[in-house]
Amino acid sequence: MVSSSSSRAPNGLPLRVEALTVRYGAQVAVDQLTFEVRPGEIYGLLGSNGAGKSSTIKAIVGLVPPASGTISVFGMDPIKTPIAVKERIGYVPESTLLFDALTPREFLEYIASVRHLTEAEASERARSYATAFQIESDFERPIATLSNGTRQKVLIAAAFLHQPPLLVLDEPLNNLDPRAVRIMKELLTSYVRHGQRGVLFSTHTLEVAQQLCQRVAILDHGLLRGEGTLEELRQGVQQGDASLEEIFLRLTREEEAVRVAVRSLGG
Amino acid sequence: MGWREAWRLSEAPYTEIAFQAIYAIRQGNLPSSTPDEELTEKALRRVTQSKLMVAFVLGLVGIGAYLFLTQRVETALGGGLPRGLYVAGVLDGVLVLELALVWWTGLQILPTFLGSSSMTLLETMPVDERTLDRVGAILVFRLFDAPALSCVVITPLVVAVSLNSPLAGVAMFLGVIAVVSVAIALALLTGRFFVRRIQGARGGGRQSLVRWSYLLLWAIPAFAMYGFVTFSGQYFALVQQLWYYGPAPAFTAFVLSFPFPFALLTASAPTLQGVAPTSTVDPLWALFGSLVYLEAVGALVVWLVRAPRRLVRSTPDAGGVGRAEDLRLVPSRASLAVLVKDLRTASRTPGYAFLILLPLLDAMAIGFWTVVNPANGDTFNLGIAAVATAALLATFFGPAFFAIEVMGYSYARTLPLADHHVLLGKVLLVAIIYLIASGLVLGLTLFRFFDPWLFLAFIAAEFPGVLAASFLELGLLFREARRRGLPIVNLYSGAWIATLVAIPGVLVAAVPLAAFEFLRAGPALVTFPSMGALALLELGLAALFAIGRPGRGAL
């Protein structure tokens, strides 16, 4: 049963990515990327649009095949043992496209079935997330009729439903209202305190990353420009009081480009 | 801004609709890695191909009229009917078929049209209301253009040649215009109904029943198309019965029902020219009916110009606030969950619902015919014909159920769902359709057939053959999906693959049926076990082929 295997503390690093390259035809989306998510850690993938965050995440969850490099989830290879790896991952995709013809209840019931949850644990967890995110009244409406924010909440509930040891979240705070954002932040912080859990979290909202993540990777055009804790990154750019935003712009060499853009817009 | 400007403005939304129709990205497909321009060209090309395919079928319907108007077929089908009435019957059939086919095409494409948000951006631009209405109308026209033109050009030409009367061609032209306009209007109305009531329908057992009842109504145009071909003999028998025995008001109502007046007017046209002797029905009835319907069609066309845009803007009606009192999830085995998910999806997606309902409707129609037709003496033969048809239809549509996986596809691939669970779920669905269809036939024929055991033996012996066909089809599709590494087929982009895969499937389902035909003269104790053994052998081989390799969740 997955639920038991998920709750059992798995061995090894939640996630290790080594020299990962992802290509779409001739275009290189991710180039030789290496990082790891350690137990008890929220790890942030930061980057502008098109930096390679989502491509990295899609390779981890098995949506796009890596051109080269390796991925290891608790010591397991997603290519060789996809089912075992997928059992240990809870995923929130970047887009909120789901099974539009199903209601959230039907959708979560499907997820609970595929993840072999018992009726009691599935129902209890669904109730908790529905109540926390205030979506009980939407549970019997087809997903097609729901707002993007509500869809996002349903996706978050689905990702947490089997209490996975690794959460892979692609822009999880998109479309959420401030209340839900706050709940989500608290939830993630407390979630990784248990067992060997890890969270990979992609965002381009640097304030959120600074608040939530123990370590971050800064991606730019598929390349890793910097990695580490905020302090380590500050040391890297030799600016002791720099914010994550300043570090980001420095590492991605966008400072001057931002100044020029603002000037051209009359700012 | 005029129609020319509206046409220019429709280019971008039309491309968007084509793109969505082919790649189903809004339904959860991953975008392909191919460059966007190439994808767009491919989408436009495939939509054109799909339209031409439907246009071709409609063209065949028009050409088919020529065959039905020959003396030989007339003797077989309409023996005893006056020539004019027989011709009108054939032309009425052609018009009804065209109506059903165009309507059915609309049912297939309108959900994409409605879901594409193709006009949203235009709505925010400084474009006047009238032009926006026209853009909406042009978009709908462009979705139907090739099929509509095929009807409007080919059918009147064929009729004019067949009846050797240009005037008949003109009358048929009017009939086709009326029929196509009504079909598009019906497609739009049912489309709106779908968006507001079906797509937004709440979950829950009672609501599911209501949804399936609605979808049964929805399937009628498609079944009308199929049913008319299957039951053309019975149709002419009905016309004859009305003609000979029916009370006058019933016959007059039949003559005035849409689109019969156009058919009758066309059949009467040669008479007016002195070409062929006629119908025993006064052509004035036809003229009167046609004029009334043409007047209504004129109003309909005006409505059609405005309706598409309003339709695009209509939002789903979620049936009030649904407060879930008891958030209870009842998980099941993975294969069963796939089956339940498919049924729930189909209950809000007419295209899929139709695939499930058609074999059932067919079984009900044949079963019902068996019961009500006193002239029919061989209930057993009709019963097994109905079951055989259900088996072949269920297996023919099996590959299409695979397409349900396109919905939420990118998300579903991140779930720990082994291939064999998906495959078993789909096979279960086909098996259930076959068993329910057979059960319906059995239930209906029990009124006339008091020894059901042989019939039950036939259903049971064919059952492994149906499973074998499904395993083979789905196994082939899984391999194809893996080979291409692509989001599996959807009904638009993968119609050819699904059809190609369905052919060996239908053949496998047909083998035990052929064995039955071959052995039926012998004792039942030999016939049914032989048929069953053959079907079981097929099942073993097909299951080995489909799930022989361990599921790796590679889809």
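Do we find a residue being part of a helix (DSSP H, G or I) and without any contact (Cβ under 8 Å) to a residue 40 or more places away in the chain anywhere in region A:159-166?
To start, the set of residues in region A:159-166 that are part of a helix (DSSP H, G or I) comprises A:159-160.
With the extra rule that they be without any contact (Cβ under 8 Å) to a residue 40 or more places away in the chain, the set shrinks to none.
No, that holds for no residue.
Does any residue of region B:449-472 turn out to be surrounded by 20 or more Cβ atoms within 10 Å (Cβ to Cβ) and modelled with pLDDT under 80?
Taking every residue of region B:449-472 in turn, none turns out to be surrounded by 20 or more Cβ atoms within 10 Å (Cβ to Cβ) and modelled with pLDDT under 80.
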Query raised in the report: Does region B:311-329 contain at least one residue that is crowded, with 16+ Cβ neighbours inside 10 Å, at pLDDT 80 or above and within 8 Å of chain A (Cβ to nearest Cβ)?
Result: yes
Report summary line: Of (1) more than 7 Å from chain B (Cβ to nearest Cβ); (2) at pLDDT 90 or above; (3) crowded, with 21+ Cβ neighbours inside 10 Å, A:Phe160 fails just (3)
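Quick check on region A:106-127: of everything there that is of a type in the set (Val, Ile, Thr) and out of contact with any Ser or Thr (no Cβ under 8 Å at 6 or more places or on another chain), which residue is farthest from the other protein chains (Cβ to nearest Cβ)?
A:Ile111
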Report summary line: Of the residues in region A:77-95 that are of a type outside the set (Val, Ile, Thr) and surrounded by fewer than 17 Cβ atoms within 10 Å (Cβ to Cβ), the one that is farthest from the other protein chains (Cβ to nearest Cβ) is A:Asp77
Report task. Report the residue count in region A:25-57 for those that are more than 17 Å from A:Thr229 (Cα to Cα) and of a type outside the set (A, V, I, L, M). Result -> 12
Query raised in the report: So, in region A:212-235, of the ones that are part of a helix (DSSP H, G or I) and more than 15 Å from the chain's Cα centre (by Cα), which residue ends up surrounded by the most Cβ atoms within 10 Å (Cβ to Cβ)?
Result: A:Leu233
Report task. Taking the options A:Glu256, A:Glu245, name whichever one is in a helix (DSSP H, G or I), loosely packed, with under 11 Cβ neighbours inside 10 Å and of a type outside the set (Val, Ile, Thr). Result -> A:Glu256
Report summary line: Over region A:48-93, the set of residues more than 27 Å from A:Leu244 (Cα to Cα) and hydroxyl-bearing (Ser, Thr, Tyr) is A:Ser68, A:Thr70, A:Ser72, A:Thr81
Query - Among residues of region A:116-150, those that are closer than 15 Å to A:Pro93 by Cβ and either aromatic (Phe, Trp, Tyr) or buried (at least 22 other Cβ atoms within 10 Å of the Cβ) (or both), counted - result: 1
Report summary line: Exactly one of A:Leu176, A:Leu167 is at pLDDT 95 or above and either within 12 Å of another protein chain (Cβ to nearest Cβ) or farther than 27 Å from B:Leu339 by Cβ (or both), and that residue is A:Leu167
Report task. State which residue is farthest from the other protein chains (Cβ to nearest Cβ) when the search covers only region A:35-48 and only residues that are closer than 15 Å to A:Asp220 by Cβ and part of a strand (DSSP E or B). Result -> A:Leu46
Query - Residue ranges of helices (runs of 4 or more DSSP H) in region B:114-222 with at least 3 members modelled with pLDDT under 85 - result: B:120-123, B:166-193, B:205-218
Requested in this report: With the condition kept exactly as written, say whether any residue in region A:96-104 is crowded, with 20+ Cβ neighbours inside 10 Å, small (Gly, Ala, Ser), out of contact with any Asp or Glu (no Cβ under 6 Å at 6 or more places or on another chain) and within 12 Å of another protein chain (Cβ to nearest Cβ).
Outcome: yes
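The values are calculated or read from the model by the stated rules, or taken from the named source; none is laboratory data. No experiment lies behind these values; they were computed from the predicted model shown. For neighbour counting, all protein chains shown are included, and Cβ atoms are generated from backbone atoms with ideal geometry for every residue, glycine included.
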